[in-house]
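This report refers to the structure that appears directly beneath it.
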Amino acid sequence: MDTCCKTRWLDASVKNTNGYLAQTSLLHPFKDIGLASRHHTMTDLWQNAMDHAVALARKAGSLVRDAVQNDMKVMLKSSSVDLVTKTDQKVEQLIIDSVKEKFPTHSFIGEESVAAGEPCVLTDNPTWIVDPVDGTTNFVHGYPFVAVSIGFAVNRKLEFGVVYSCIEDKMYTARKGQGAFCNGQLLNVSDQKEISQSIIATEFGSNRDTEVVDKIFSSMRKILCLPIHGIRGVGTAATNMCLVASGCVEAYYEIGIHCWDIAAGAIIVTEAGGVLMDVDGGPLDLMSRRVVAANNKIIAERIVKEIDAFTPLRDDASTETED
């Protein structure tokens with residue numbers, strides 16, 4: 001059975017820590033599995049929302065997998081490398097319609113909605129933060145790392161996150177204070193404290209401004225030459241963050257991502273024991289478009305020290321987007 005990096009498979013004969021019967025079926029790896037939260041009680045106000053998010057992610061992932069098999073119409077957003085497909089739009093509309101029907105008072109921030117001119121504002125209201133197809137460029141080229149990312153915040157604090165890596169068939173979930181899981185396996189970050197023994201994930205992004213690209217390469221060069229074991233990246237921020245949570249890589253950093261790219265992954269990282277911060281070493285600001293996610297503070301601060309930081313336009317300051 002496939003595993004999600006360094007995880008523990010929970011015994012299918014007993015209820016797992018999420019309060020659901022663990023299900024090890026290869027044909028139905030997500031049915032009745034511990035994909036929501038531990039200690040499921042009547043007092044958990046957001047459990048229904050999380051259950052709904054898991055179901056939506058699975059349904060959206062099915063649409064994505066079907067689309068991979070067919071020709072797709074590719075459109076441009078901000079540049080020739082900033083792509084959007086009908087599948088992105090179809091999946092986001094599916095999620096919006098379903099959320100509005102079931103939770104009519106909730107707010108919504110979505111990549112394609114913002115690209116179409118909707119405001120990107122995080123308030124105290126329960127808010128769904130969604131990237132319908134994280135890794136659109138991968139999707140267009142058939143590169144097998146594409147994710148549906150659903151984060152949920154209340155009072156501007158993340159309550160849960162769901163990331164479904166569609167092609168891999170891996171469902172990552174986390175609930176505040178109750179652990180992170182992949183296909184029912186409890187996730188734990190790596191215990192590595194030596195940067196020289198670490199793998200670091202990052203991405204180039206879609207901004208091809210020469211000054212920005214130079215800073216990205218400069219940061220990568222300095223980090224690579226610390227030295228470290230290597231630099232990796234799968235082309236989707238959500239999946240990169242889940243790899244940190246799984247213990248496969250020690251850290252992920254990027255400048256130029258968006259709140260919908262990292263909202264779900266952020267809580268998955270922290271619930272797996274990891275840390276989050278801004279590239280300047282301060283606390284993570286979802287709207288800043290800058291993130292460092294790491295297995296521990298030692299690794300995070302070492303990365304921060306080497307990054308040539310720059311400040312993109314904040315998500316809540318503009319409706320323009322980049323993949």
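Scanning the stretch 135-152 for residues that are crowded, with 21+ Cβ neighbours inside 10 Å and of a type in the set (A, V, I, L, M, F, W, C) yields Phe139, Val146, Ala147, Val148, Ile150, Phe152.
Of the residues making up the stretch 153-167, at least one is more than 16 Å from the chain's Cα centre (by Cα), in contact (Cβ under 8 Å) with a residue 60 or more places away in the chain and crowded, with 16+ Cβ neighbours inside 10 Å. Residues in the stretch 93-117 that are acidic (Asp, Glu) and surrounded by 14 or more Cβ atoms within 10 Å (Cβ to Cβ): Glu111, Glu112.
Just one residue in the set Ala180, Ala174 is closer than 21 Å to Ile257 by Cβ, crowded, with 19+ Cβ neighbours inside 10 Å, small (Gly, Ala, Ser) and in contact with a Leu (Cβ under 6 Å, 6 or more places away or on another chain); that residue is Ala180. Only residues that are in contact (Cβ under 8 Å) with a residue 40 or more places away in the chain, part of a helix (DSSP H, G or I) and either on the phi > 0 side of the Ramachandran plot or among the charged types (D, E, K, R) (or both) were counted in the stretch 259-313, giving 4.
Can you confirm whether the stretch 185-200 contains a residue that is in contact with a Phe, Trp or Tyr (Cβ under 8 Å, 6 or more places away or on another chain), in contact (Cβ under 8 Å) with a residue 40 or more places away in the chain and part of a loop (DSSP other than H, G, I, E, B)?
Going through the stretch 185-200, the residues in contact with a Phe, Trp or Tyr (Cβ under 8 Å, 6 or more places away or on another chain) turn out to be 185, 187, 200.
Still in the running and in contact (Cβ under 8 Å) with a residue 40 or more places away in the chain: 185, 187, 200.
Cutting the leftovers down to part of a loop (DSSP other than H, G, I, E, B) gives us none.
Scanning the stretch 185-200, I find no residue that is in contact with a Phe, Trp or Tyr (Cβ under 8 Å, 6 or more places away or on another chain), in contact (Cβ under 8 Å) with a residue 40 or more places away in the chain and part of a loop (DSSP other than H, G, I, E, B), so the answer is no.
Selection over the stretch 269-323 of residues that are touching a helix residue (DSSP H, G or I) at 6+ places or on another chain (Cβ under 9 Å), modelled with pLDDT under 95 and either farther than 30 Å from Ala115 by Cα or surrounded by 16 or more Cβ atoms within 10 Å (Cβ to Cβ) (or both) gives a count of 2. Met220 falls short on exactly one of the conditions (1) touching a Ser or Thr at 6+ places or on another chain (Cβ under 8 Å); (2) assigned to a loop (DSSP other than H, G, I, E, B), and that condition is (2).
The values are calculated or read from the model by the stated rules, or taken from the named source; none is laboratory data. Treat the numbers as computed from the prediction; the structure is a model and nothing was measured. All Cβ positions, glycine included, derive from the backbone under ideal geometry; neighbour counts span all protein chains shown.
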